[in-house]
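The structure appears below as structure tokens.
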Amino acid sequence: MTKLQLLYPLGLGLGGPFCFINFCRRGFQTIPLSGGASPAKMSTEFYSFGPYKIDPKEVFYSTPLSYAMVNLRPVVPGHVLVCPRREVKRFADLTVEETQDLWLTAQKIGGRLECFHKASSLTFTIQDGPKAGQTVPHVHIHILPRKDGDFERNDEIYDEM
């Protein structure tokens, strides 16, 4: 784990408007500065990601309808996933509220990732269904901070996903 910590405004679900975030090899780890969820709640609440249970410690941002976590197989540094809390296999099956919250969450996190990673652009992508490359049957948006030269040909990123 790197020792890099920064004060970062995150918002809902993580102890108020400011949290410390540790950036480490496995991803983000949040440490609330004040308030926050009780230890009992944090230890019993799990997020689902298709057939997988995600420990709350792996989630660095959440709203009542969405959550974000670091991709365990990142294509580029800073590659994260934004998912609806409700397990939904296909994008068209999200409610209007879930769709709005998912994209607003992706927008907020994307801007912060771009700044932190000193990227010049972002790739937002959804693989909607097995034939589109979706390997976990749970809607999720990939957010990838992009820099000059991260791939020889820009579209090679899609081969890596």
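Condition check ((1) in contact with a Cys (Cβ under 6 Å, 6 or more places away or on another chain); (2) hydrophobic (A, V, I, L, M, F, W, C); (3) on the phi < 0 side of the Ramachandran plot; (4) at pLDDT 95 or above) across all residues:
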| residue | (1), (2), (3), (4) |
| --- | --- |
| GLY35 | no, no, no, no |
| PRO39 | no, no, yes, no |
| THR44 | no, no, yes, no |
| SER48 | no, no, yes, no |
| TYR52 | no, no, yes, no |
| PRO56 | no, no, yes, no |
| LEU65 | no, yes, yes, yes |
| ALA68 | no, yes, yes, yes |
| LEU72 | no, yes, yes, no |
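Scanning the stretch 43-71 for residues that are assigned to a strand (DSSP E or B) and of a type in the set (Lys, Arg) turns up just one, LYS53.
Of the strands (runs of 3 or more DSSP E) contained entirely in the stretch 72-150, those carrying at least 1 residues that are over 16 Å from the mean Cα position of the chain (by Cα) and over 21 Å from SER48 (Cβ atoms) fall at 121-125. For the stretch 151-161, a tally of residues being over 16 Å from the mean Cα position of the chain (by Cα) and surrounded by 11 or more Cβ atoms within 10 Å (Cβ to Cβ) returns 6.
Scanning the stretch 129-149 for residues that are of a type outside the set (Gly, Ala, Ser) and open to solvent by less than 50 Å² (accessible area, probe 1.4 Å) yields GLN134, VAL136, HIS138, VAL139, HIS140, ILE141, HIS142, ILE143, LEU144, PRO145, ARG146.
The values are calculated or read from the model by the stated rules, or taken from the named source; none is laboratory data. Owing to the predicted nature of the structure, the values given are computational and were not obtained by experimental measurement. Here Cβ is always computed from backbone atoms with ideal geometry, including for glycine, and neighbour counts include all displayed protein chains. For accessibility, only protein heavy atoms count, side chains too; no ligands or nucleic acids. Shrake-Rupley method; radii C 1.70, N 1.55, O 1.52, S 1.80 Å.
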